[in-house]
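S.K.: The structure is given below, and queries will be raised subsequently.
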Amino acid sequence: MLTEKSFSAGSACPRLEKGTLRHYSMRFCPFAQRSRLVLVHKKIPHETVNVDLKQKPDWLLAKSPKGKVPCIEINGKTMIESLVICEYLDEAYEPKNLLFSKDPWKKAEQKILIEQSSEILGPFYSLLRSNDGDKEAAEKLHDFLHRFEKNLKGDFYGGDHPDAVDYMIWPWYERIGVLSELRDFDFSATEFPHLTGWCKRMASDETVKAIMFDDKTHVAYASSSLNGTPNYDIGLD
């Protein structure tokens, strides 16, 4: 069984058996969490290799040219980009249990919402990296959250159960407690009743529970990253 600890520069790439699907990841990467959620939800047999993204092993660059995760590999072929990977996994494995809609129009609507969700990245990380709180970033993040509050019409973006939209946007909401703890960001049920309710339902979802970290762990990792010494192996010692 492969270790969960991160492989760093100078390490040898673990041998990959023919026919085995491998997922190159980093335990705290929100983009890699997307594909991990799909792998778990669809119960796809696979193995995971976590990598040190600060001191990347050379063999990662041979598989993912920019040294990013997630990346998947099987039978000598590799694939990068989280959304591309997730859509491939959804279609290639367990097609009766699709997260993306079979209907072309509905699938396009899902992709639009996922694309719009990427607008959270700028203000989220600007606020996180600011030492004294970036008011402009906080305001932009609040504006973004208000838009997604209005877009939520049911228990989930997928209706009565999570779909591709829910799982693709969840990683940043799992980390919003980091902003509350480190940057005093207000994400309250009073201001965001639908989104905070959705967060509670997502946190109770079996797929999410299987791989999520609590706020304390996310804060510890974020703090180590902000200090320039990211601890990718928190909790594994």
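S.K.: Explain nothing, just the number: dipole magnitude of the chain about its Cα centre with +1 on each Lys and Arg Cβ and -1 on each Asp and Glu Cβ, in debye rounded to the nearest 20.
M.R.: Computed charge dipole of the chain: roughly 780 debye.
S.K.: Would you work out if the chain is rounded, prolate or oblate? Take a ≥ b ≥ c from the square roots of the eigenvalues of the alpha-carbon gyration tensor; rounded if a/c is under 1.5, else prolate when a/b is larger than b/c, oblate otherwise. Please list the in-between numbers first.
M.R.: On the way: a/c = 1.94, a/b = 1.19, b/c = 1.64.
Cα axes put the chain in the oblate bin.
S.K.: Quick one: of Lys18/Lys77; Lys43/Lys96; Lys56/Lys209; Lys153/Lys200, which pairs are farther than 19 Å apart, Cα to Cα? Write down the numbers at each step before the final one.
M.R.: Values: Lys18/Lys77 11 Å; Lys43/Lys96 13 Å; Lys56/Lys209 29 Å; Lys153/Lys200 16 Å.
Long pairs (Cα-Cα over 19 Å): Lys56/Lys209.
S.K.: Using the charge dipole of the chain (Lys, Arg: +1 at Cβ; Asp, Glu: -1 at Cβ; taken about the Cα centre), state which of Phe185, Leu121, Leu145 has its Cα farthest towards the positive end.
M.R.: Checked the options; the winner is Leu121.
S.K.: With a/c under 1.5 counting as rounded, go ahead and sort the range 119-237 into rounded, prolate or oblate using the C-alpha gyration tensor (a ≥ b ≥ c being the square roots of the eigenvalues; past the cut-off, prolate if a/b is larger than b/c, else oblate).
M.R.: The shape class here is oblate.
S.K.: Are there trypsin sites (Lys or Arg not before Pro) in the range 4-56 that DSSP marks as loop and that have at most 14 other Cβ atoms within 10 Å, and which are they?
M.R.: Lys5, Arg15, Lys18, Lys43, Lys54
S.K.: Using a cut-off of 14 Å between beta-carbons, work out the net charge of the residues near Ala222 (Lys and Arg +1, Asp and Glu -1, Ala222 not included).
M.R.: +1
S.K.: Let me ask you something else. In debye, nearest 20, what is the charge dipole magnitude of the range 55-177 about its Cα centre with +1 on Lys and Arg Cβ and -1 on Asp and Glu Cβ, if you could check?
M.R.: With Lys and Arg at +1 and Asp and Glu at -1, about 340 debye.
S.K.: Still on this model: How many percent of DSSP beta bridges within the range 1-155 run antiparallel, rounded to 5?
M.R.: Taking every DSSP beta bridge with both residues in the range 1-155, the antiparallel ones total about 60 percent.
S.K.: Then there is this: Tell me, what HN-Hα J-couplings in whole Hz come from the Karplus equation 6.51 cos²θ - 1.76 cosθ + 1.60 at θ = phi - 60° for each residue of the range 174-190, using x for Gly and Pro?
M.R.: Here the 3J(HN,Hα) series is 4, 9, 5, x, 5, 5, 5, 6, 8, 10, 6, 7, 8, 10, 9, 5, 5 Hz.
S.K.: Using a Förster distance of 30 angstrom, determine the FRET efficiency expected from the C-beta separation of Asp214 and Glu115, and round it to 0.05.
M.R.: Computed FRET efficiency for Asp214 and Glu115 comes out at 0.55.
S.K.: Note the full-extension length gain between Glu4 and Thr78 as 0.36 nm times their separation in residues minus their Cα-Cα distance, in nm to one decimal.
M.R.: So the extension gain works out to 24.6 nm.
S.K.: Pull out a ≥ b ≥ c, the square roots of the eigenvalues of the alpha-carbon gyration tensor of the range 41-110, then state rounded if a/c is under 1.5, prolate if not and a/b is larger than b/c, and oblate in the remaining case.
M.R.: Judged from the Cα gyration tensor, the range 41-110 comes out prolate (a/c at least 1.5, a/b above b/c).
Quick note: the coordinates plus some simple rules give every number you see, no bench work behind them. Small disclaimer: the values here were computed from a predicted structure and weren't measured. Counting neighbours? That spans all protein chains shown, and the Cβs are built from the backbone with ideal geometry, glycine included.
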